[in-house]
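Right, one structure below, let's go through it.
The values are calculated or read from the model by the stated rules, or taken from the named source; none is laboratory data. Note that the structure is predicted; figures quoted are calculated from it, not measured. Here the Cβ is made from the backbone with ideal geometry for all residues, glycine too, and neighbour counts use every protein chain on show. For accessibility, only protein heavy atoms count, side chains too; no ligands or nucleic acids. Shrake-Rupley method; radii C 1.70, N 1.55, O 1.52, S 1.80 Å.
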Amino acid sequence: QVQFVESGGGLVQAGGSLRLSCVTSGNVFSTNVIAWYRQVPGKRRELVAAITRSAITTYLDSVKGRFTISRDNAENAVLLQMNRLKVEDTAVYHCNTYPKPFSWGQGTQVTVSS
């Protein structure tokens, strides 16, 4: 069973920063596009950022210039550096493969206060 373990969320004031980490198995990490998604209760889950095996990246328009996704090949991890956070970034953040995700993990809560 494929598992994703997300960490790094927390409570931060608007304008602050957080770094999220996602660890998965080596086989999944090395053979797939890995993405960060986020979901607010009552809304659809949305793609925040994705990174290919060759480190090509794509971002949701609203996070461009503030968020950076990267891969740590030694740790089978995908990181999401989030800077200049806004209240509207508040959500549960998940990582998974893209475009066909496996089952979802618990995610990590990011709360940005005004």
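Which whole-Hz ³J(HN,Hα) couplings does region 101-114 yield from phi under the Karplus relation 6.51 cos²θ - 1.76 cosθ + 1.60, θ = phi - 60°, glycine and proline marked x?
Coupling constants for region 101-114: x, 7, 5, 8, x, 6, x, 9, 7, 10, 10, 10, 9, 7 Hz.
Just flag the trypsin sites (Lys or Arg not before Pro) in region 55-114 sitting in loop per DSSP whose Cβ has no more than 15 other Cβ atoms within 10 Å.
Lys64, Arg66, Arg84, Lys86
What percentage of the solvent-accessible surface of the chain, computed with a 1.4 Å probe over protein heavy atoms, is contributed by carbon and sulfur atoms?
C and S atoms contribute 49 percent here.
With every atom except the alpha carbons ignored, what do you get for Rg and Dmax of the chain, in angstroms?
13.1, 40
Take every DSSP beta bridge whose two residues both sit in the chain, then give the antiparallel share in percent to the nearest 5.
90
Can you give the FRET efficiency for Thr31 and Lys64, using 1/(1 + (r/R0)^6), R0 = 22 Å, r = Cβ-Cβ distance, to the nearest 0.05?
Numbers: r = 27 Å, r/R0 = 1.22.
The value I calculate is 0.25.
DSSP loop trypsin sites (Lys or Arg not before Pro) in region 1-59 with at most 15 other Cβ atoms within 10 Å of their Cβ, which ones?
Those that pass, being in a loop and sparsely packed, are Lys43, Arg44, Arg53.
Counting only heavy atoms of the protein chains, get the accessible area per residue of region 4-58 (1.4 Å probe) and round it to a whole Å² value.
That works out to 54 Å² per residue.
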